[in-house]
Structures are given as C-alpha cells and as structure tokens.
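Structure, as structure tokens:
The values are calculated or read from the model by the stated rules, or taken from the named source; none is laboratory data. Quick caveat, the model's predicted, so the values are computed rather than measured. FYI the Cβ positions are ideal-geometry reconstructions off the backbone, even for glycines, and counts take in every protein chain you see. These area figures cover heavy atoms from the full protein model, side chains too; ligands, DNA and RNA do not enter into them. Shrake-Rupley method; radii C 1.70, N 1.55, O 1.52, S 1.80 Å.
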Amino acid sequence: MNEVTMAKWTYAPPGMQQVAIIDLGSNTTRLVIYGYVPGRAFRIEDAVREQVRLSEGMDEGGVLRAEPMRRAIEALRLFKLFSDVNGVSDILCVATAASRDAVNGPAFLRRLEAETGLTPRLLTGEEEAYYGYVAAVNSLQFTDGLVVDIGG
C-alpha cells in the first residue's frame, strides 16, 4: 500500500487491502476504488465517472460505432493509470448491455484488453440486474420499496 492511499484513512486497519472496480456501461463508465478488510469492513476511497456513451449510434444491426469505442477505451486507459498511480493492482472490470448486445461486442472487448491491459468480464443480463439490485438495497435507507433499472 502506498503512502498516498494510506493518507486517505484517518486510521488504516490492519490487513486493509484495495480493489478497483470498473463498470463499462452503455452510457457511463465508472471507477470506484475500495479500501477493505476482508470479512469486516469496506470504504470507498475514490470514485470517477466518465460519460462515454458506448451505445451511441447503435442501430437495429447492433454495431458499436468507432467513436464511442474510442471514448470507452480512452476512459478505461485513464482509469487503469489512475489505479496504478494509487497503488491498486487488483482491478475488476465488467462490461454490461452495450458490449453484450453488440454484434461486434466480443471484438471490442478483445481490442479493449489489448489497448488497456484490462480483462473485462462480460456480465449476463441476470448478473447485471442482480448487482444493480444489491447496490440499490445497500445504499438506501428504505425498508420497503421497488428497484427499477432504466438502463444507460
């Protein structure tokens, strides 16, 4: 763990680790860095988001366009650099609907890996819905409600 990261904690618990999670969505891509002690606690250390609009221009043929793919790759390149500078080597990158639904999605993900060094994991629709639900119920104070994911 580097000194910059340690300075963010008023108290760094013994055994603290860090992980970066990158979510490449249809509209926005996000990076969240967590500090955590396995099985005990976690804390958001930093968060960055970039509106890359990956699904922009996708027609009924389901083809990702060159400019949105370029924006997404550039954002993930920066997120990887940000993680590296902060000493975070454990990076989980996931891709969602736009990459899953596009006919050139697999080729795009291979290109993304070649150009960024990140290995994106393509979530199924069920996994994407599950993680969205878990995120919502763990960040809201409600005891009764309905979660709706409008996408993008």
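A few notes on this one:
- q = 0.12, 0.13, 0.14 Å⁻¹: log10 I(q)/I(0) that the Debye formula gives for the chain, counting C-alpha atoms only: -0.57, -0.66, -0.75
- Value at 222 nm in deg cm²/dmol, rounded to 500, when DSSP H runs of n ≥ 4 in the chain each add -39,500 (n - 2.57): -11000 deg cm²/dmol
- About its Cα centre, the dipole of the chain is roughly 340 debye, where the only charges are +1 on Lys and Arg Cβ and -1 on Asp and Glu Cβ.
- In the context of the full set of protein chains, the chain has a per residue accessible area of 61 Å² (1.4 Å probe).
- When VAL103, VAL137 are compared by accessible area at a 1.4 angstrom probe, the order from most to least is VAL103, VAL137.
- Once all protein chains are placed together, LEU31 keeps about 0 Å² accessible to a 1.4 angstrom probe.
- Efficiency of FRET between VAL147 and VAL48 - r from beta-carbon atoms, R0 30 angstrom, step 0.05: 0.75
- Accessible area of the chain belonging to carbon and sulfur atoms, whole % at 1.4 Å probe: 55 percent
- Residue with peak Gaussian network fluctuation, the chain [Cα springs, cutoff 10 Å], from PRO106, PRO68, PRO13: PRO13
- Net charge, GLY125 excluded, C-beta distance under 10 Å - Lys, Arg +1, Asp, Glu -1: -3
- Dipole of the range 55-152, positive direction: furthest Cα of LEU78, VAL147, PRO68, with charges on the beta-carbon: LEU78
- Taking Cα atoms only, the orientation of helix 66-85 departs from the longest principal axis of the chain by about 10 degrees.
- Net charge over other residues, Cβ less than 11 angstrom from the Cβ of GLU115 (K, R count +1; D, E count -1): +3
- Going by accessible surface with a 1.4 Å probe and the largest first, TYR133, TYR36 read TYR133, TYR36.
- The accessible area of LEU146, taken with all protein chains in place and a 1.4 Å probe, comes to roughly 150 Å².
- Within the assembled protein chains, the solvent-accessible surface assigned to ARG77 is about 90 Å², based on a 1.4 Å probe.
- Largest to smallest accessible area among ARG43, ARG100 [probe 1.4 Å]: ARG43, ARG100
- Candidates THR96, THR116, THR124, ranked by Gaussian network fluctuation over the chain, Cα under 10 Å, top entry: THR124
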